[in-house]
Amino acid sequence: MAGGSSAEHQLLSRIAAGDGHGENSSYFDGWKAYEMNPFDLRRNRDGVIQMGLAENQLSLDLIEQWIMEHPEASICTAQGASEFRRIANYQDYHGLKEFREAMAKFMGQVRGGKVTFDPDRVVMSGGATGAQDTLAFCLADPGDAYLVPTPYYPAFDRDCCWRSGVKLLPIECHSANNFTLTQKALVSAYDDARRQGIRVKGILVTNPSNPLGTIMDRATLAMLATFATEHRVHLICDEIYAGSVFAKPDFVSIAEVIEHDVPGCNRDLIHIAYSLSKDFGLPGFRVGIVYSYNDDVVACARKMSSFGLVSSQTQHFLAKMLSDAEFMARFLAESARRLAARHDRFIAGLREVGITCLPGNAGLFSWMDLRGMLRDKTHDAELELWRVIIHKVKLNVSPGTSFHCNEPGWFRVCHANMDDETMEVALDRIRRFVRQHQQSKAKAERWAATRPLRLSLPRRGGAAASHLAISSPLALLSPQSPMVHAS
């Protein structure tokens, strides 16, 4: 442009014009592949099956039935229209009192009644994404850092960093101990950040874990709360899968730990993010919750909620449903039963071809181990395998690299967002692909055993060449291997 630098004439802000949203991740690339060719049992059986979306569709029929039996819960019915004017009028950013009370009670119910929540600390946001964005705004300045155990949810790079400018620094966890967070790894990450001159403002954990499908034990949570207090850093616990635990051990919330196990911790540093998107399968309702023990954070987050407040109509409906304690208990029990059945079926289906997953008891997914199918132990090889799974096998699974996993070969596979028949189609595709890979590998091994490589080396003094036979590497795959055709 004439007259002045391009920076002076840039029409958009640096944030808007940049790529900090994180959409260039393979995590989102898989979604795009699905959207271009979505699988449908009746109309497109050759399409891509969506196994990259952590959504719970297994128990929506229970909610549908409750809605049919409680038409008064909606202001759009004859039975509920009397509430229309009250709900339709302006609501301040505190939200409906009955919703906050119902949500606080339900959060306690999900956690087994072992802890109570104060309705006046319940702050609404536009989904869990909005909750994390709000907390980052309240807790940190641009350039400050959160420490995050790996592997972690890819969209945290968007939720915490895009607008607030927070850095996410990994706490490296490893498969040798099932990716369990250790104090040694935490201290190492903290010390590394300090040596680089980076101010650490918080530790961000998901419990239950996304993508691992595991829960943190009481001792680990107590260690985190103690560390946060000693180093005056915030502890943010994302507990959006708290009601999606389907097997022992039971879920332990940070709320329970600071009350019973670490009573001396600084509660001003403890914050919880929650949502109804996962446990209820209601992501379209955009109900996110910030629950903080810090009065100043509650006050600031409440002001921020005016940018993403849940509609009063949605609050009204959910207040009615969440207040039905008997239905909630029945729903949580049945949802756990269905999640367990789906998880067990998926694990058993993979086991038929020798594929295993990290042992898990929570969430809507499994952490699948395909390390044995990589051509070598690199992230490039993982992405090569992932492209084959996306474009040839036509399954949108998420590679471990997108979760910042430091060990190539792990994939998150979501299996609660589909019906039973689609699930079986997906399993058939995986098993067929694995068997093809196993057959190709066996061919390569036979070929290596029967077709030695012969090298001619001249003898000293010009004597006749001597022939040296060298077996080809067993890892070499035949031209028929599916891995050869990776783009």
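The values are calculated or read from the model by the stated rules, or taken from the named source; none is laboratory data. What you see is a predicted model; the values in this text were computed from it and never measured. Note: ideal-geometry Cβ built from the backbone for every residue, glycine included; neighbour counts use all protein chains shown. Heads up: the accessible areas ignore ligands, DNA and RNA and are worked out on the full protein's heavy atoms, side chains in. Shrake-Rupley method; radii C 1.70, N 1.55, O 1.52, S 1.80 Å.
Look at the dipole of the chain built from charges on Cβ: of Leu350, Met328, Ala255, the Cα furthest out on the positive end belongs to Leu350.
The modelled label-to-label distance for the pair Asp19/Arg351, using points 7 Å beyond Cα in the direction of Cβ, is 4.3 nm. Here is what passes the span test in the chain: the DSSP H helices with alpha carbon length of 24 Å or more along the helix axis and a Kyte-Doolittle mean of -1.0 or above are 325-351. Per-atom-type breakdown for the chain gives carbon and sulfur 52% of the accessible area (1.4 Å probe, protein chains only). Which lysines have a Cα less than 30 Å from the Cα of Lys441, not counting those fewer than 8 places away in the same chain? Candidates past the 8-residue exclusion: Lys377, Lys392, Lys394.
Taking every lysine pair in the range 73-324 that is 8 or more places apart or spans two chains, those with Cα atoms closer than 15 Å amount to 5.
The residues of the chain expose, per residue, 46 Å² of accessible area to a 1.4 Å probe.
Normalised by the number of residues in the chain, the average gap of Cα pairs under 8 Å and 6 or more apart makes the relative contact order 20 percent.
The translational diffusion coefficient of the range 123-182, from Stokes-Einstein at 37 °C and 0.692 mPa s with a Kirkwood hydrodynamic radius over alpha carbon pairs, comes to 267 µm²/s. Between the residues Gly52, Val297, Phe317, the greatest Cα displacement towards the positive end of the dipole of the chain, with unit charges on the Cβ of Lys, Arg, Asp and Glu, is found for Gly52.
Here the range 73-324 is treated with +1 on each Lys and Arg Cβ and -1 on each Asp and Glu Cβ, and its dipole about the Cα centre works out to around 340 debye.
Each Lys and Arg contributes +1 and each Asp and Glu -1, all at the Cβ; summed about the Cα centre of the chain, the dipole is approximately 2080 debye. In the chain, taking the dipole from charged Cβ atoms about the Cα centre, the farthest positive-side position among Phe227, Tyr152, Val123 is held by Tyr152.
Give me the log10 of I(q) over I(0) for the chain at q = 0.06, 0.08, 0.09, 0.14 Å⁻¹, as the Debye formula computes it from C-alpha points; what are the numbers? Each listed q maps to, in turn, -0.33, -0.56, -0.69, -1.43.
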